[in-house]
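No lab work stands behind these numbers, since they all come straight from the coordinates. All of these numbers come straight from a predicted model, not from anything done at the bench. Every residue, glycine among them, receives a Cβ derived from its backbone with ideal geometry; neighbour counts consider all protein chains shown.
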Ligand SMILES: NC(=O)c1ccc[n+]([C@@H]2O[C@H](COP(=O)([O-])OP(=O)(O)OC[C@H]3O[C@@H](n4cnc5c(N)ncnc54)[C@H](OP(=O)(O)O)[C@@H]3O)[C@@H](O)[C@H]2O)c1
């Protein structure tokens, strides 16, 4: 039996990935602050389980409590394969570096870097102890490799998650666990994150016109299409390259 743990399932790419897993008969454990009734209905229709864990990934003690509960629940499934999709993230603060407040900076890194690393570390440890196969995916961004004016936090947190991916993958290779960790850059998608980007100011984000044009010219991809590409990569299990930063643009 396969199960998938996914963060940021209330909307956007996380919802699409959860939906596609459920439709392919995989049980889903979803994490986000808000619940998602659409996923409850899709699970019922496909005769699989969907369980929601309300959690603010910005809060370490909430994460620790939730991880204990999730591990207990996953044990009951005795999965042969466990997926972890670290998808939840924010783009803010969108500000030139001297304007960023310390607290908003710490909050950003807690959600975009520390929370996914904690979840990956804990589920890797769990999988080694439980003897189930494990595939971890960190959703990254092209911003990890390109400096963007006003996005210092986001570019840095996504670059950090890429290097974490490569390092954790290397360790698993040396330890011969068979566990694989990859990152996946989903490209530009029509989600609330793009709305946030378009509602920033030109002063803080000088590329704003280009991003408004993406929307106007319908260049933002829909999350079901992008999620489907990730599922195709995961389904070809033997071909998954441990430590690779996959880029959706290579599949179009
Ligand atoms: N959209 C793009 O163009 C684009 C481009 C490149 C990369 N990406 C990456 O793709 C991933 C998905 O982005 P998206 O566009 O689908 O984002 P989105 O529509 O804004 O959804 C973000 C998800 O993260 C969850 N989340 C946010 N803060 C949270 C918190 N404190 N605790 C728990 N969950 C939290 C939200 O749930 P709640 O609010 O219910 O908690 C929501 O489900 C992200 O990693 C993003 O960096 C997106």
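Legend: calculated FRET efficiency, residue 46 to residue 148, from the Cβ-Cβ distance at R0 = 51 Å, rounded to 0.05, equals 0.85. Remark: spin-label model distance residue 56-residue 131 equals 4.1 nm, labels positioned 7 Å along the Cα→Cβ axis. Extension gain for residue 109-residue 220 works out to 37.4 nm (0.36 nm per residue, less the C-alpha to C-alpha distance).
Shape call for the chain from the C-alpha gyration tensor, a ≥ b ≥ c root eigenvalues: rounded (a/c under 1.5), prolate (a/b greater than b/c) or oblate? Could you put the intermediate results ahead of the total?
Working: a/c = 1.59, a/b = 1.45, b/c = 1.10.
Prolate, since a/c reaches 1.5 and a/b exceeds b/c.
What angle, in degrees between 0 and 90 and rounded to the nearest 10, separates the Cα long axis of helix 115-130 from the longest principal axis of the Cα atoms of the chain? Once rounded, one gets 10 degrees. When the chain is treated as a GNM with alpha-carbon contacts under 10 Å, the residue of 69, 166, 103 showing the greatest mean-square fluctuation is 103. The Cα center of segment 201-226 and the Cα center of segment 91-159 differ in position by 21 Å. Compute the Cα gyration tensor for segment 1-85, then decide on rounded, prolate or oblate, letting a ≥ b ≥ c be the square roots of its eigenvalues: rounded whenever a/c is under 1.5, prolate when a/b is larger than b/c in the other cases, and oblate in all that remain. Because a/c hits 1.5 or more and a/b fails to exceed b/c, segment 1-85 counts as oblate. The calculated FRET efficiency for residue 65 paired with residue 231, based on their beta-carbon distance and R0 = 30 Å, is about 0.50. Restricting to DSSP H runs of at least four residues, report the calculated mean residue ellipticity at 222 nm for the chain, -39500 (n - 2.57) per run over all residues, nearest 500 deg cm²/dmol. -14500 deg cm²/dmol, from helical runs alone.
Axis of helix 60-77 versus longest Cα principal axis of the chain: the two differ by about 30°, to the nearest ten degrees. FRET efficiency for the pair residue 23 and residue 207, taken as 1/(1 + (r/R0)^6) with r the Cβ-Cβ distance and R0 = 35 Å, rounds to 0.45.
Tell me, in nm to one decimal, what length is gained between residue 174 and residue 249 on full extension, where the rule is 0.36 nm per residue of separation less the Cα-Cα distance? Each step should come with its number before you reach the end.
Values: separation 75, 0.36 × 75 = 27.00 nm, distance 3.02 nm.
That works out to 24.0 nm of additional length.
Against the chain, whose longest principal axis comes from its Cα atoms, helix 12-23 is set at around 20 degrees.
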